[in-house]
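Report on one structure; see the data block that follows.
Every number in this text was worked out from the coordinates using simple rules, so none of it is lab data. None of these values were measured; they are calculated from a predicted model. Backbone-built Cβ (ideal geometry, glycine too); neighbour counts: all protein chains shown.
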Amino acid sequence: MSEQFEQGVAVLRDQIDARISSYLSSCVHCGICAEACLFYTETNDPRYTPIHKVEPLKKLWQVENTFWGKLGKSLGLIKPLTESDFADWEQLVYDSCTLCGRCSMVCPVGNDITYMIRKIREGFSVAGYAPDGMKEATKRALTIGSPMGVTFKTVQAALAHVEKDTGLKIPIDQQNAEYMTLFSSMEIVNFPEYIESIAKIFDAAGVSWTISSQAFEATNSGIQIGNKEAAAELVGRVVKAAESLGVKYVVSPECGHAYTAIRWEGPNLIGRPYDFEVVHILELLDKLKAEGRIKLEGKDDTPMTLHDPCQIVRRGGVVDPPRNLLHSVADHFTEMTDHGVMNWCCGGGGGVSANERAEELRIKSFDRKKHQLEELGVNTMVTACANCRIILEEGLEHHEMDTEVISLTELLAEHLVSGKTPN
Amino acid sequence: MIGEFIDGPLWYFSLTAFVIGVVWRIVSIVRAGVRPDLSIARGSAGRGAMRAIFSRFVPERTVTTSSRLQLIAGYMFHVGLLILLFFAQPHIDFIAERITGLSWPAVPHWVFIVAAEFSFAGLILLWLHRVLNPVTRLLSDMDDHIGSILVFLVMLTGCLALAQSHEALRLIHLFLAEVFLIYFPFSKLMHAFTFVMSRGYTGATMGRKGVNA
């Protein structure tokens, strides 16, 4: 038994709190969670049943916390957790779970299965059982500042284009600005139109904002791989930058897990509340619109639907703002059958998109979204997560589907009445 | 002789083991503690917990078709069992005499029979699903089967003893109920109590985020 494995088991043991104990005590193995997981519904493979993915955690809990487990262990009838358990479960824990949280919504005894899988990753990553792609992304995030290797120079280059295209000055390291805006690497590299849209909308609304040269990256690979230290370090950089600039709010961008990381897990990772508040870009846009600070004109008559990013909606609680905003610019907005907190994941969340090994399974799991779109018959899908957007576009491309994926913020910017609104 | 033991000391022992065991299990779960959440709440944890405790009695639409058999069988079994356990005249009399000193109205005999039939059918369907469905077959362990079989035997002997004409049948039923009570705190049967906690913890977390779970 290696020392690294023992450390992983110790970390796993540390995750077993009252919440997890109650979950493991309550589970009656009904398997209903399987029907909520796209990896099961699209493959019919029982191994992808969400609660089955927590088996290593359950085994540890049973052996160390239950009467039968302790008795079985002492009689040699139950083997303790071994490295082969970690090796056997690594793909189930990382490749076949996007941490979307859908299983947690259907469990009859209320188990938050996603929370347990997220916690299992803590032990697995310490023990060294994590996908190479995610390990490398985390390493780049810690050393370079971005999982995609984006540096602030790359950001500056992107911002120069935005400034040229919009004629607007993008504020950098503006002391005491009201809002500090974060971006995901994917937005910087693949969707700079998002940055352009933000600049236009904030200018029109008269928002006092800034970008920090010290912490522009919103994504957090530490959360996805389950490395608490890495996650805390990445959140800590944002907190340090925001507090040194004296901003009132940090704006989380169109990125699902970034919101979970900075809004919900961040204070717990660094062990204290922030001196600022975190707001999701959709919440902010909805607020600005409600206050009359941004005015939108014209309505799109193209039939549209909304793909809810799991971490923003189901796991983040930003449920109504995207709907309010989309209704304000789309005449024919139709919801998919399963939407809002019961949406189906794109298949690439929770680090799956950074895990090359999982690609085949991820593409297979896209069949669910394909089915949803075909059932609805709508060819324009609006979303608010750059990772979802890439994954959806890849899936659509794979199936040669004629469906356009657009960003909600970008769509709003297209309908923006230009000219500043008084504060 | 053995009858007196089942009717006397073993009953009090099993009841004590059940009560102490259940309390011990619940206390040990609570004592494991939950780290305080330092993020700023959007909604109420308390309301979220209360909501989830009750809302999970109703299944999400997304699983109602695919899990129809389990859901219907689950309701049949649990509702039927609750009626049998707490509203059958012999049980009310027994509880009043041995524990509470208080009695309450029983359901008519025909309701008892219907409840028993529903409960048996539900339990058998759930168990068949457990052993035949690839997902539940993969998940199920010895504890799940022991729990199911014990409940089945307690119910079966209870029905056989219904006429109360044969003391031996009543004693077999009581003996199995006592085994059930002793086994209960060490098993998944604990979900009858801990479901409130698991639903509550999840509901509280989601309630803070402003999500109705």
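Highest GNM mean-square fluctuation, chain B, Cα pairs closer than 10 Å: which of B:M142, B:M155, B:M190?
B:M142
Evaluate the distance, in nm, between pseudo-label points positioned 7 Å from the Cα of A:N190 and of B:E4 along their respective Cα→Cβ axes.
Result: 8.0 nm between the two label points.
Among A:W89, B:W104, which comes first, then next, by fewest other beta-carbon atoms within 10 Å? Show your work: numbers first, answer last.
Working: A:W89 21, B:W104 10.
Fewest-to-most ranking of A:W89, B:W104: B:W104, A:W89.
Of the cross-linked pairs A:K79/A:K135; A:K70/B:K188; A:K169/A:K299; A:K287/B:K209; A:K58/A:K139; A:K59/A:K364, which ones have a Cα-Cα span greater than 20 Å in the structure shown? Present the calculation step by step, with values, prior to reporting the outcome.
Values: A:K79/A:K135 30 Å; A:K70/B:K188 16 Å; A:K169/A:K299 29 Å; A:K287/B:K209 18 Å; A:K58/A:K139 30 Å; A:K59/A:K364 30 Å.
From the list (A:K79/A:K135; A:K70/B:K188; A:K169/A:K299; A:K287/B:K209; A:K58/A:K139; A:K59/A:K364), the Cα-Cα distance tops 20 Å for A:K79/A:K135; A:K169/A:K299; A:K58/A:K139; A:K59/A:K364.
To the nearest 10 degrees, how steep is helix B:68-87 against the longest Cα principal axis of chain B, on a 0 to 90 scale?
50 degrees
How large is ³J(HN,Hα) for each residue in the stretch B:183-197, as worked out from phi by the Karplus curve 6.51 cos²θ - 1.76 cosθ + 1.60 (θ = phi - 60°), to whole Hz, x for Gly and Pro?
6, 3, x, 9, 9, 5, 4, 4, 4, 4, 10, 6, 4, 5, 6
How far, in degrees from 0 to 90, does helix A:113-127 lean away from the longest principal axis of the Cα atoms of chain A, to the nearest 10?
Helix A:113-127 and the main axis of chain A meet at about 80 degrees.
Which residue, A:G206, A:G347, A:G123, tops the fluctuation ranking in a GNM of chain A built on C-alpha contacts under 10 Å?
Looking only at A:G206, A:G347, A:G123, the biggest GNM fluctuation is shown by A:G206.
Taking only Cα atoms of the stretch B:68-213, what ratio of Rg to Rh do you get with Rh as the Kirkwood inverse-distance radius?
Numbers: Rg = 17.4 Å, Rh = 17.0 Å.
Using Cα coordinates only, the ratio equals 1.02.
In terms of modelled amide H atoms, which long-range or inter-chain residues lie less than 5 Å from the amide H of A:V405?
Long-range HN contacts for A:V405: A:M381.
Which of A:G256, A:A205, A:A231 sits closest to the plus end of the dipole of the stretch A:135-290, meaning its Cα is farthest towards the positive end, when Lys and Arg get +1 and Asp and Glu get -1 on the C-beta?
Value computed over the given set: A:A231.
Using only Cα atoms, tell me the angle between helix A:55-65 and the longest principal axis of chain A; keep it within 0 to 90° and round to the nearest 10.
Between the helix axis and the principal axis of chain A, the angle is about 50 degrees.
Label-point separation (nm) for A:K287 and A:D320, each offset 7 Å from Cα along Cα-to-Cβ?
Modelled inter-label distance: 1.5 nm.
Could you give P(r) for the stretch A:193-262, binned at 5 Å from zero, as whole percent values over all Cα-Cα pairs?
Percent of Cα pairs in each bin: 3, 16, 23, 24, 19, 10, 4, 2, 0.
Nearest 20 debye, what's the magnitude of the dipole of the stretch A:186-293 about its Cα centre given +1 on Lys and Arg Cβ and -1 on Asp and Glu Cβ? The partial results should precede the final answer.
Working: 10 positive and 15 negative charges, 47 e Å.
For this selection, approximately 220 debye.
In the stretch A:3-130, if the dipole is taken from +1 on Lys/Arg beta carbons and -1 on Asp/Glu beta carbons about the Cα centre, which of A:F86, A:F67, A:C33 is farthest to the positive end?
The one lying farthest along the dipole's positive direction is A:F67.
GluC sites (Glu not before Pro) within the stretch A:218-322: which are DSSP loop residues with at most 13 other Cβ atoms inside 10 Å?
Details: sites: A:E229, A:E233, A:E243, A:E254, A:E265, A:E277, A:E283, A:E291, A:E297; in loops: A:E254, A:E291, A:E297.
Within the stretch A:218-322, the qualifying GluC sites (Glu not before Pro) (loop, at most 13 other Cβ atoms within 10 Å) are A:E291, A:E297.
Zone of B:I149 (label point 7 Å along Cα→Cβ, backbone N under 13 Å): which residues in the stretch B:120-141?
B:141
How far apart, in nanometres, would the label points at B:I124 and B:F13 be if each is projected 7 angstrom from Cα along the Cα-to-Cβ direction?
3.4 nm
Which order results if A:V28, A:V250 are arranged by neighbouring Cβ count within 10 Å, fewest first? Write out the running numbers ahead of the final one.
On the way: A:V28 23, A:V250 26.
The most exposed by this proxy come first: A:V28, A:V250.
Go from 0 up to the bin containing the longest alpha carbon distance in the protein assembly as shown, width 10 Å each, and give me the % of pairs per bin.
Histogram of Cα-Cα distances, whole percents per bin: 3, 15, 24, 23, 15, 10, 6, 3, 1, 0.
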